[in-house]
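A.B. asks: Before I ask anything, let me first share the structure, which is written out below as structure tokens.
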Amino acid sequence: MHCPHCSSASNKVFFTRSIPIYPFTVSPETALTMPNELTQVIELNYLYCSQCGLVYSHLRPQDHELLNTIYEKFYFYISRTNIIDYELSSFLDVTAQWINHKSTVAEIGCYDGSLLALIRERFDISNLIGIEPSRKGGETARERGITVITDFFPTNQLVTKCDTIISRHVIEHISDIKTFLVSQFKAISDDGIVICETPNVDWALIHGSDKPFHFQHITLLTKQYFLTLLKEIGVKFVSIIELDYRIIVAASHIPHTKMVPIETVIQDNNLFISHLTSFQNRVDTHFLRVKNLLDQINGSVAIWGAGSFGGNIVANLPLNLLQKIDYIIDSDTSKEGYKFLFFDILVSSPHVLINNDITHILIMSTYEKEIFEVIQQISPSQSIMIVTMYTDVVLYQYHPDSKQIIRVSQ
């Protein structure tokens, strides 16, 4: 298969995994209205183009149609929690100099308006615009007083030149990334700024994490690809910020604070390529450790994490191990009563730890530290073995007397 960006045949196998088409939780009522195709678990193949650095999945035309159906009708990323606020706050902490005191700021994929509402609260912005294809998300954003264009980007409904355009975790859902970025630079003023946050595939590769890989992420952007593409479309200045599993790229045609000339940015791809050959084995070994651990557990088991990371793991577990799971917990209490399409246990709030003899928690989430804090705040009366598994399988013990969570030697 040729690279969709540069048409090169110099592709390397990156990752293959059985992945649920829809890895998120929805209400049981919504589940009844969803197309049967969304309940499927398929084999998804990712390739890496050594020529331009793009990582991309092999999807059929009907798969792209299914993605549009998901974004318009069934994308239910549920609003704000303290954990989600942490991500938004950290994003604004490192991008404030490119947002504050601007006249017009737009966000592509604003969903429920959480980020724009926080920008309005924190900065002096006269005009905030959200662009969002999800009807449900747009309705929630409008309730927050945000002006929303219900459409995919690019859209002819955006008639105002913007000072800054933001997209967070949108670009990896786009097949024609070049048109997506070129359209943003056309929509900004001459000194405008484009800011993009996306999964950090370089970090994921080195840490053996399969979190960025799911059906909706049809492309993943390495630092190599960002630089290749920005140079190709004539962008002159850039800033690249890595926040572990996230990467933020800000770019402009003129210099701004903390930006450097793009020609001075040197990207050594040798480290990336050196990890490529072992990545599949590292992920498979990691998942085997999860299965073996679950197989050995005796007691009441709760999975903590009802997002795509948890959904991908649950969808790959054999039936005998699924039967060991008694609870699905999520820190976002608005997910309570929801379910994965391929698993019938309903999501519970963290307070299920009270008056239930849960002896094991498997954290299938990136927010390990925050989840530890929630457990300590709830203060369950029983001892609990806690397993984290985002980058490695690590065991901890919660001690009810001291309320401390202590790592267990392995």
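The values are calculated or read from the model by the stated rules, or taken from the named source; none is laboratory data. Here the structure is a predicted model, which is why all the values come from computation and not from measurement. Cβ coordinates were reconstructed from backbone atoms using ideal geometry, including for glycine residues, and neighbour counts include every protein chain displayed. The area values use the complete protein model at the heavy-atom level, side chains included, leaving out ligands, DNA and RNA. Shrake-Rupley method; radii C 1.70, N 1.55, O 1.52, S 1.80 Å.
A.B. asks: If you go through the stretch 189-199 one residue at a time, do you hit one that is over 11 Å from the mean Cα position of the chain (by Cα), hydroxyl-bearing (Ser, Thr, Tyr) and either surrounded by 23 or more Cβ atoms within 10 Å (Cβ to Cβ) or more than 24 Å from Leu92 (Cβ to Cβ) (or both)? Can you show your working first?
C.D. replies: Pass one, the stretch 189-199, residues over 11 Å from the mean Cα position of the chain (by Cα): 189-196.
Then drop every residue that is not hydroxyl-bearing (Ser, Thr, Tyr), which leaves 189.
Now narrow it down to the ones that are either surrounded by 23 or more Cβ atoms within 10 Å (Cβ to Cβ) or more than 24 Å from Leu92 (Cβ to Cβ) (or both): none.
No, that holds for no residue.
A.B. asks: Tally time: how many residues in the stretch 165-212 are assigned to a strand (DSSP E or B), small (Gly, Ala, Ser) and farther than 13 Å from Phe152 by Cα?
C.D. replies: Residues of the stretch 165-212 assigned to a strand (DSSP E or B): 165-168, 188-199.
Next, only the ones that are small (Gly, Ala, Ser) stay: 167, 189, 192.
Then drop every residue that is not farther than 13 Å from Phe152 by Cα, which leaves 189, 192.
The number of residues fulfilling the criteria is 2.
A.B. asks: Looking at (1) within 19 Å of Ile99 (Cα to Cα); (2) surrounded by fewer than 20 Cβ atoms within 10 Å (Cβ to Cβ), find the lone condition where Ser167 falls short.
C.D. replies: With respect to (1) within 19 Å of Ile99 (Cα to Cα); (2) surrounded by fewer than 20 Cβ atoms within 10 Å (Cβ to Cβ), Ser167 is out only on (2).
A.B. asks: Residues in the stretch 267-288: is at least one more than 19 Å from the chain's Cα centre (by Cα) and under 22 Å from Ile375 (Cβ atoms)? Working first, answer last.
C.D. replies: Restricting attention to the stretch 267-288, the residues satisfying the condition of being more than 19 Å from the chain's Cα centre (by Cα) are 267-282, 284-288.
When the remaining residues are screened for being under 22 Å from Ile375 (Cβ atoms), the result is none.
No, because not a single residue in the stretch 267-288 is more than 19 Å from the chain's Cα centre (by Cα) and under 22 Å from Ile375 (Cβ atoms).
A.B. asks: Across the stretch 133-161, what is the number of residues that are in contact with a strand residue (DSSP E or B) (Cβ under 7 Å, 6 or more places away or on another chain) and either within 17 Å of His217 (Cα to Cα) or touching a residue at least 60 places away in the same chain (Cβ under 8 Å) (or both)? I'd like the intermediate steps shown before the answer.
C.D. replies: Of the stretch 133-161, the ones in contact with a strand residue (DSSP E or B) (Cβ under 7 Å, 6 or more places away or on another chain) are 138, 141-142, 146-149, 151, 153, 155, 157-158, 160-161.
Still in the list and also either within 17 Å of His217 (Cα to Cα) or touching a residue at least 60 places away in the same chain (Cβ under 8 Å) (or both): 153.
Qualifying residue count for the region: 1.
A.B. asks: Just wondering, is there one or more residues in the stretch 244-257 that are surrounded by fewer than 22 Cβ atoms within 10 Å (Cβ to Cβ) and either touching a Gly at 6+ places or on another chain (Cβ under 8 Å) or basic (Lys, Arg) (or both)?
C.D. replies: Yes - at least one qualifying residue is present in the stretch 244-257.
A.B. asks: For the stretch 1-67, please list each of the strands (runs of 3 or more DSSP E) lying entirely inside it that holds at least 3 residues being touching a strand residue (DSSP E or B) at 6+ places or on another chain (Cβ under 7 Å), modelled with pLDDT under 90 and open to solvent by less than 80 Å² (accessible area, probe 1.4 Å). I'd like the intermediate steps shown before the answer.
C.D. replies: Working: elements: 11-20, 41-49, 54-57.
By residue number, 11-20, 41-49.
A.B. asks: Given the structure, is Ile206 among the β-branched types (Val, Ile, Thr) and either modelled with pLDDT of 95 or more or crowded, with 22+ Cβ neighbours inside 10 Å (or both)?
C.D. replies: Numbers: among the β-branched types (Val, Ile, Thr): yes; either modelled with pLDDT of 95 or more or crowded, with 22+ Cβ neighbours inside 10 Å (or both): no.
It is false that Ile206 is among the β-branched types (Val, Ile, Thr) and either modelled with pLDDT of 95 or more or crowded, with 22+ Cβ neighbours inside 10 Å (or both).
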